[in-house]
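Enquirer: Sharing a structure here in C-alpha cells format.
Laboratory data are not the source of any read-out in this text; all were calculated from the coordinates shown. Values in this document were obtained by computation on a predicted structure and should not be read as measured data. All Cβ positions, glycine included, derive from the backbone under ideal geometry; neighbour counts span all protein chains shown.
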Amino acid sequence: MSPKKIVLRFPSQIVDKPLIYHLVKDYELMINVLKANVNPDKEGFMVMELSGEPGKYEQGLSFLRKQGVVVESLSEGITRNVEKCTHCGMCTSICPSGALYISRPSMEVIFDDSKCVICGVCLKICPVKAIEASVNGRQ
Ligand code: SF4
Ligand code: SF4
C-alpha cells in the first residue's frame, strides 16, 4: 500500500515507550517521521508517513490505540478564518509549536503557518470554529 500520512498524539505517561520499534519489528511497517515533538512528562506528537501490508497496517494502528495513542489523519493544511476569529487566545495555550501566539502589546492572535506541524489540536478548542483543515480522510 502507498504511504499514508498520520498524526500520533502520545499522553505523557507513554512517551517513553518504544512504540515505533514495535511498529517496525512486530508489524513490519515502514515509517518516515516528518515531524516530532516528544518530551518526558509532556504530551508528545509525531507526524509520519506509514506504509506496509494492509492487514498489518491496521493491526499496527490498533496496537497504538490500545497503548493510549490518539491516531488521526494528517490535515493537508490548517487555515484560520480571520473574519471569525475573536482573538480569545484559547488556541495559543495548546498549540505545541508556537504557530499560534499572542502578539504584544496589541494582544492580537497571530497564526504563523511556517511553524504549524498540522497536529490539529487547535481545531477542537476554538469556540467559534475559526480554524479549518483540509483532511485526507480518517485513518
Ligand atoms: S495545527 Fe493548530 S495547534 Fe497544531 S501546530 Fe498547527 S496551529 Fe498549532
Ligand atoms: S481559539 Fe479561535 S477565536 Fe480564539 S484566538 Fe484561536 S482562532 Fe481565534
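Enquirer: May I ask you to derive the relative contact order of the chain, considering only C-alpha pairs under 8 Å and at least 6 residues apart, and to give it as an integer percent? Display every interim value, and only then the final one.
Expert: On the way: 244 pairs, mean separation 35.3, N = 139.
Answer for the chain is 25 percent.
Enquirer: If you don't mind, another one. Going by alpha carbons, how many degrees (0 to 90, nearest 10) lie between the helix axis of 54-66 and the longest principal axis of the chain?
Expert: Once rounded, one gets 60 degrees.
Enquirer: Now, a different point. Starting with the fewest neighbours, write out 92, 86 ranked by other beta-carbon atoms found within 10 Å of each beta-carbon. Write down the numbers at each step before the final one.
Expert: Details: 92 18, 86 11.
In increasing order of surrounding Cβ atoms, one gets 86, 92.
Enquirer: So, in nm, how far is label residue 1 from label residue 93 when the simple model puts each one 7 Å beyond its Cα toward the Cβ?
Expert: Taking the simple label geometry, residue 1 and residue 93 are separated by 3.8 nm.
Enquirer: Of 5/66; 35/115; 17/66; 35/66; 17/42; 4/56, which sit over 18 Å apart, Cα to Cα? Could the numbers behind the result be given before it?
Expert: On the way: 5/66 20 Å; 35/115 11 Å; 17/66 13 Å; 35/66 23 Å; 17/42 13 Å; 4/56 14 Å.
Among 5/66; 35/115; 17/66; 35/66; 17/42; 4/56, the Cα-Cα distance tops 18 Å for 5/66; 35/66.
Enquirer: What percentages make up the Cα-Cα pair-distance distribution of segment 4-73 when the bins are 5 Å wide from 0?
Expert: Per 5 Å bin, starting at zero, the Cα-Cα P(r) for segment 4-73 comes out as 4, 18, 31, 29, 14, 4, 1 percent.
Enquirer: Tell me the GluC sites (Glu not before Pro) within segment 1-80 that lie in a loop according to DSSP and have at most 14 other beta-carbon atoms within 10 Å.
Expert: Working: sites: 28, 43, 49, 58, 72, 76; in loops: 28, 43.
The qualifying sites are 28.
Enquirer: Pop the C-beta distance of residue 81 and residue 25 into the FRET formula with R0 = 41 Å and round what comes out to the nearest 0.05. Mind showing how you got there, number by number?
Expert: Working: r = 44 Å, r/R0 = 1.07.
It comes out at approximately 0.40.
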